[in-house]
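Here's the structure, in structure tokens; my notes come after.
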Amino acid sequence: MGPPHTNDVNWSVSDVRVNATSGQCVGGWVCEHRWSVVKALVSWRQVAAGAPLRHWWDDGHRQMAFSRAGRAFIAFNDDPSMTMDTEVDTGLTAGIYCDVVSGHVDQDLTRCTGRSVTGYYPALQFSFHFIPICIPFL
């Protein structure tokens, strides 16, 4: 599969068009870099940058979690038939953390607009399919 194209004799690549309201690509283009989840994960990576990998956990199948040395934590569940209902070591200090994909922390660091998770150092109990956290609030 290639990029969207016109139906002219040269099969020219179509221009990228962006919906002014949603900011998403239209006209056959898929612009993953504009998706809010990708933007959030780029922010997570910027916070985690340079910190060594720590606190690796996996279930031996399709669930895993790890931290980036006290800066960030992320957990993945790629098994739609299972809930990731476990307690893992995050390496983060105790606090309430914001899931940076489902929301963000407001400017005064008092509220998360998405899901939040309470961590009691050094462990975190959660039952989500995917959760990247890095910014404590409250």
Distance in nm between ILE96 and ARG111 label points, each 7 Å along Cα→Cβ, equals 1.1 nm
Label model pair MET82, THR6: point-to-point distance (7 angstrom along the Cα→beta-carbon line) in nm is 5.2 nm
Taking the alpha-carbon centre of each part, the distance from segment 10-61 to segment 99-120 in Å is 20 Å
Taking a crude spin-label model, label points 7 Å out from Cα along the C-beta direction, the TRP56 to HIS33 distance in nm is 3.1 nm
Expected sort for 47-59, 73-85 on mean C-beta neighbours within 10 Å, highest first, is 73-85, 47-59
Binned at 10 Å from zero, the C-alpha pair distances of segment 10-104 give percents of 13, 33, 28, 17, 8, 1, 0
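Values in this text are rule-based calculations from the coordinates and carry no lab data. The model shown is predicted, which means the values in this text are computed figures rather than measured ones. We place every Cβ from the backbone using ideal geometry, glycine too, and count neighbours over all the protein chains shown.
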